[in-house]
Structures are given as C-alpha cells and as structure tokens.
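Let me begin by presenting the structure, written as structure tokens, before commenting on it.
The values are calculated or read from the model by the stated rules, or taken from the named source; none is laboratory data. In this text, all values refer to a predicted model and were calculated from it rather than measured experimentally. Note: ideal-geometry Cβ built from the backbone for every residue, glycine included; neighbour counts use all protein chains shown. Side chains included, ligands, DNA and RNA excluded: accessible areas come from the protein's heavy atoms. Shrake-Rupley method; radii C 1.70, N 1.55, O 1.52, S 1.80 Å.
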Amino acid sequence: MLSAAVRRRDWSSAAANAAPIVLQLGDARLRRRCQKCDLKDAATLAIERDLHAALEDFRLRNGYGRAISAPQIGHAVRMVACNLGSSAIHRPGKQPFTLVNPEITWRSKETFTMWDDCMSFPDQMVKLRRHTHISVAYLTPEGEPHNWTNLGQAELELLQHELDHLDGTLAV
C-alpha cells in the first residue's frame, strides 16, 4: 500500500496539470472488464491522480460531474474517483475520495426507471433501470476496507453507473 506521505491529495490543483481526455462512446477501451487494483503498485497512485484530475477538469469546464471510473480515461482497473460535494451522505467533509476495487455486495429486487447521462456521451440521455437499494464494499487507497450501505438515491444511481463502467457495460 502507498504511504500517506507519498500520496498526493491536493486534487484542486490536479486539474491545472494536463488532465487526461475522457474517452468517448465508440472507444473499445470503454467495453473492457477491469482488473482489481494492486495497492502496492506505484502506478495506482498515478491512475488515482489522473482520475481526480479528469473529474476536476470536467467539473470546471461543464459545471457538473460527480464521479469518473478508470476505464473512462483508458485504465482497465477497478477504481472510481468521486466528488459528491459537501452535502454528501458518505464521508461528509472528505471530498473528493476514491473507491478502490468496489463491488456491489447486495442489490434489491426492486428497480426503478431513470434517465442517465455520462461523461463519455455527455450529449445523450439514456433511459434505464436501476436497483432501488444496493450495498457496496471497497477499499480506500490506503487499503482500509469499507462497506457503504443505506445509500441515498443520488449515490446509488451514481455507483451503479460507475461500477457498470468497471464491468465494461455502458448505459447505451
């Protein structure tokens, strides 16, 4: 695992560097199933930095954007960068944050229909079904395990979307 001293956490300035391009619909790399991250690999730090830079850059240019997954910037690893804002139910005051090797561990049978968009096809809206309740297990970049349960609707919609990306599934 990477030590806290080595990890760069100043995401606000990350976008000032050249942020990676968000891959667009049609790029075959968006359809790859991602492998688990090795937290002992120094490349993991670079991917995390790139993810947060891409998310911050998208937010600055478009005025919205809550999360981005590694395949959206060309990395086939299970990592998601999030910035849910200060009102987020999860980790309030600790924004942005990173989910490493996230997995849905439980999903309700009940579903609902919604319209969804994506940084990889920002000019399209897609109608799809999502589970009404889910639980997610993940690691922090420092290797600490977490279980996220009782998610609000905004978070559960977002996480289902981002974890679909990690499995090579696009909303379209």
Residue under question is Ala46, and the condition is that it be within 29 Å of Glu144 (Cβ to Cβ), modelled with pLDDT of 95 or more and part of a helix (DSSP H, G or I); does it hold?
no
Flagged in the range 103-140 as in contact with a helix residue (DSSP H, G or I) (Cβ under 6 Å, 6 or more places away or on another chain) and in contact (Cβ under 8 Å) with a residue 60 or more places away in the chain, in numbering order, are Met119, Ser120
Scanning the range 106-151 for residues that are among the aliphatic types (A, V, I, L, M) and within 18 Å of the chain's Cα centre (by Cα), the one most open to solvent (accessible area, probe 1.4 Å) turns out to be Leu139
The strands (runs of 3 or more DSSP E) lying wholly within the range 53-135 that contain at least 2 residues that are touching a Pro at 6+ places or on another chain (Cβ under 9 Å) and of a type outside the set (D, E, K, R) are 79-82, 97-107
All-but-one check, Glu48 against (1) among the charged types (D, E, K, R); (2) farther than 17 Å from Tyr138 by Cβ; (3) surrounded by 18 or more Cβ atoms within 10 Å (Cβ to Cβ), failing number (2)
Output for Cβ contacts, cut-off 9 Å, separation at least six or different chains, first residue within 20 Å of Arg59 (Cβ to Cβ) in the range 20-38, second modelled with pLDDT of 90 or more and among the charged types (D, E, K, R), reads Pro20/Asp50; Pro20/Asp57; Val22/Asp57
Checked the range 152-172 for anything open to solvent by less than 20 Å² (accessible area, probe 1.4 Å), within 14 Å of Ser120 (Cβ to Cβ) and either in contact with a strand residue (DSSP E or B) (Cβ under 8 Å, 6 or more places away or on another chain) or in a helix (DSSP H, G or I) (or both); matches are His161, Glu162, His165, Leu166, Leu170
For the range 27-43, the count of residues that are over 21 Å from Glu142 (Cβ atoms) and either open to solvent by 40 Å² or more (accessible area, probe 1.4 Å) or part of a loop (DSSP other than H, G, I, E, B) (or both) equals 6
